[in-house]
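Scroll down for the structure; my scribbles are underneath it.
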């Protein structure tokens, strides 16, 4: 089955710690995205990538970093510089064309200890 | 810039009631419009989409019509079920863009 997997489902971060969220897709999509979801708010774009070894900042990139070494993978690191990291993180992918449908993974919930 | 405004929730309905969720947008050119649904603890799933004016998207009994004259894309379902309880997001993708702009989401609860 084609789809997007995210791991882990829940992640706990200690003060001053960097944590990495995994996102893998087998849909052969070129474009991948990371969103943050907070209660009562829509999704906000953190980073996106249209091609391997290239990525762009979204609306709320501060305190986050990404890499795109393989087409299938787009991991997100939440750094210690992100002072309010508690949120639901969603990864998505799409074909590389304007106005395409994005397909979402099941999400990772990040909690701060 | 591009933006989407959805009616605020939460919305609580009885089974078999009529559901409508209002969505209006601001964008230049001819955006594509989407409705996504999120069930508790899950990611988003595409519910329906429309790519040009007067297009009607439909799926699982839900419908929405792309109205350029009123810049709207309201979601409707004639008879809801308990299984329709979820958060619904309206979104747009501008005519020259890969990215999606989302509304704040509307939480719908259907009681048996």
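What follows draws every value from the coordinates through simple rules; no lab data is involved. Just so you know, these numbers come straight off a predicted model, no measurement behind them. For neighbour counting, all protein chains shown are included, and Cβ atoms are generated from backbone atoms with ideal geometry for every residue, glycine included.
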Report summary line: Each label sits 7 Å from Cα toward the beta-carbon; between residue A:52 and residue B:76 the label points are separated, in nm, by 4.8
Query raised in the report: What is the mean number of Cβ atoms from other protein chains located within 10 Å of the Cβ atom of each residue in peptide A:95-102, rounded to a whole number?
Result: 6
Requested in this report: Arrange A:65, A:73, B:83 by Cβ neighbour counts within 10 Å, fewest through most, would you?
Outcome: B:83, A:73, A:65
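Determine the gain in length on full extension of the stretch residue A:22-residue A:97; use 0.36 nm per residue of separation and subtract their C-alpha separation, reporting nm with one decimal.
Values: separation 75, 0.36 × 75 = 27.00 nm, distance 2.42 nm.
Result: 24.6 nm gained on full extension.
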Report task. Over the range B:34-112, calculate the relative contact order: mean separation of alpha carbon pairs under 8 Å at least 6 apart, over the residue count, as a percent. Result -> 26
Query raised in the report: What is the Cα centroid distance between the range B:25-51 and the range A:66-99, reported in whole angstrom?
Result: 19
Query raised in the report: Averaged over peptide B:91-101, how many Cβ atoms belonging to another chain are found within 10 Å of each residue's Cβ?
Result: 5
**Report entry** Estimated inter-spin distance, residue B:107 and residue B:17, nm [label 7 Å along Cα→Cβ]
**Finding:** 1.6
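In what sequence do B:16, B:76 fall when counting other Cβ within 10 Å, fewest first?
B:16, B:76
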Report task. Averaging sequence separations of C-alpha pairs under 8 Å and six or more residues apart, then dividing by the length of chain A, give the relative contact order as a whole percent. Result -> 35
